[in-house]
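The values are calculated or read from the model by the stated rules, or taken from the named source; none is laboratory data. Since the structure is predicted, the reported quantities are computational estimates derived from the model, not experimental observations. Positions of Cβ are backbone-derived with ideal geometry, glycine not excepted, and every protein chain shown enters the neighbour counts. Just so you know, the surface numbers come from the protein's heavy atoms only, side chains and all, with ligands and any DNA or RNA stripped out. Shrake-Rupley method; radii C 1.70, N 1.55, O 1.52, S 1.80 Å.
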Amino acid sequence: MNNIHNKNDESEFKQSSAKLAIGSQQSIAQIARELGVPKSTLRAWINKYLKTKDLSVEKLQQELNKLTIENAMLKNDRDLLKFAAAYFAHEVFIGV
């Protein structure tokens, strides 16, 4: 029973360490030092965590690219609407 408890604690530690590394502004090397584990071990935990969450690096990169393109399109739409609003405000002000 105690052995099962230790495995659960170890698994939880690995998962929480991976989450910490993913969400942190610090480097993986810095977090690994603070946790007292090698960088390669922490990277392995992160990769395993991402695979279990179906958040592979490739999928995250694809999503980032998609959102970057969408963001650029929305900025263009916003700028066009600003221009149109200024144009129509000018017409109303002039009385044309």
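Top to bottom by accessible area (1.4 Å), largest first, where do Ile69, Ile31 land?
Ile69, Ile31
What percentage of the solvent-accessible surface of the chain, computed with a 1.4 Å probe over protein heavy atoms, is contributed by carbon and sulfur atoms?
Taking all protein chains in place, the chain shows 59 percent carbon and sulfur surface.
What angle do you read, to the nearest 10 degrees and between 0 and 90, between the alpha-carbon axis of helix 2-23 and the longest principal axis of the chain?
30 degrees
Let me know the whole percent of all Cα-Cα pairs from the chain that are separated by more than 17 Å.
Roughly 68 percent, once rounded to a whole number.
Give the accessible area for Tyr49 in Å² (nearest 10); use a 1.4 Å probe, count only protein heavy atoms, and leave out ligands, DNA and RNA.
Surface open to solvent at Tyr49 totals about 40 Å².
Let me check something: with ligands and nucleic acids excluded, how do Phe93, Phe13 order by accessible area (1.4 Å probe), largest to smallest?
Reading off the accessible areas and sorting them downward yields Phe93, Phe13.
If you count, for each residue, the other Cβ atoms within 10 Å and average over each peptide, how do 36-46, 20-30 line up from highest to lowest?
Per-residue Cβ counts within 10 Å, averaged per peptide and sorted highest first, yield 36-46, 20-30.
For the chain, what is the calculated [θ] at 222 nm in deg cm²/dmol (nearest 500), taking -39500 (n - 2.57) for each run of four or more DSSP H residues and dividing by its residue count?
On the way: 4 runs with 82 residues, N = 96.
After summing the helix terms and dividing by residue count, I get -29500 deg cm²/dmol.
Between 0 and 90 degrees, rounded to the nearest ten: what's the tilt of helix 57-94 against the longest Cα principal axis of the chain?
Approximately 20 degrees, to the nearest ten.
What number of lysine-lysine pairs in the chain show an alpha-carbon separation below 18 angstrom, given a sequence spacing of 8 or more or placement on distinct chains?
Qualifying lysine pairs in the chain: 14.
I'd like the Karplus ³J(HN,Hα) series for the stretch 32-46: coefficients 6.51, -1.76, 1.60, θ = phi - 60°, whole numbers in Hz, and an x wherever there's a Gly or Pro.
Per residue, the Karplus-derived 3J(HN,Hα) values read 4, 4, 5, 7, x, 10, x, 4, 4, 5, 5, 4, 5, 5, 5 Hz.
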